[in-house]
1. Does residue 36 meet the test of being surrounded by 15 or more Cβ atoms within 10 Å (Cβ to Cβ), more than 22 Å from residue 159 (Cα to Cα) and over 14 Å from the mean Cα position of the chain (by Cα)?
2. Provide a single number: the residues in the stretch 161-186 that are more than 18 Å from residue 93 (Cβ to Cβ) and surrounded by 16 or more Cβ atoms within 10 Å (Cβ to Cβ).
3. On the basis of being more than 20 Å from residue 113 (Cβ to Cβ) and loosely packed, with under 12 Cβ neighbours inside 10 Å, does residue 189 make the cut?
4. Of all residues being assigned to a loop (DSSP other than H, G, I, E, B) and touching a strand residue (DSSP E or B) at 6+ places or on another chain (Cβ under 8 Å) in the stretch 86-103, which is farthest from residue 184 (Cα to Cα)? Just the residue, please.
5. Among the residues that make up the stretch 145-155, is at least one of them part of a strand (DSSP E or B) and surrounded by fewer than 17 Cβ atoms within 10 Å (Cβ to Cβ)?
6. Taking only pairs six or more apart or across chains, which ones have beta-carbon atoms under 7 Å, a first residue in the stretch 56-79 that is touching a residue at least 12 places away in the same chain (Cβ under 8 Å) and on the phi > 0 side of the Ramachandran plot, and a second residue that is surrounded by 13 or more Cβ atoms within 10 Å (Cβ to Cβ) and assigned to a loop (DSSP other than H, G, I, E, B)?
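FYI, it's all coordinate maths here, none of it is from the lab. Keep in mind it's a predicted model, so treat the numbers as computed, not measured. Using ideal geometry, Cβ is built from the backbone for each residue, glycine included, and neighbour counts are taken over all protein chains shown.
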């Protein structure tokens, strides 16, 4: 029962980024000779410190080194927030503000997520998301606060907003992502309006 007692005093650390709505979350990790334990999600604490939302779907992917998935989102009424983490290996994870009219429009945040640092990234609705696998194999998990809907998919080219991907060579892309257009080829109805509350 030692872990349960310690969790009474559990407080996750929330780190601000240059885009206020995007947060890095660092759990409190309890280590001993057996290994470690940490609480990867707490709904009450998450809503108090990050965002009031309810996650309804969990996804997992495995990617080999150099695989780049992105940049993706879903349009309303299926817009999604994501809470992402890497449970094995490491990734460079990115959120891009695609809310037209936002003071941080087309700015991006990039964070290394790994099994060693246990960090998570919260990507709100109104943002594009992508990640690059840095390790030989990376197992990536993410929670979504809306269900997947194919007809609501949005995407743009991985290299169109100046993201500083830690790449030595060209990334490995899916056939679908190879066709993604740059943001300036997208009409505003394929992006988000900063003045619309996406959580209503």
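1. Judged against the criteria, residue 36 is not a match.
2. So the count comes out to 2.
3. It is true that residue 189 is more than 20 Å from residue 113 (Cβ to Cβ) and loosely packed, with under 12 Cβ neighbours inside 10 Å.
4. Among residues in the stretch 86-103 that are assigned to a loop (DSSP other than H, G, I, E, B) and touching a strand residue (DSSP E or B) at 6+ places or on another chain (Cβ under 8 Å), the one farthest from residue 184 (Cα to Cα) is 89.
5. Looking through the stretch 145-155, at least one residue is part of a strand (DSSP E or B) and surrounded by fewer than 17 Cβ atoms within 10 Å (Cβ to Cβ).
6. Qualifying pairs under 7 Å: 66/171; 70/158.
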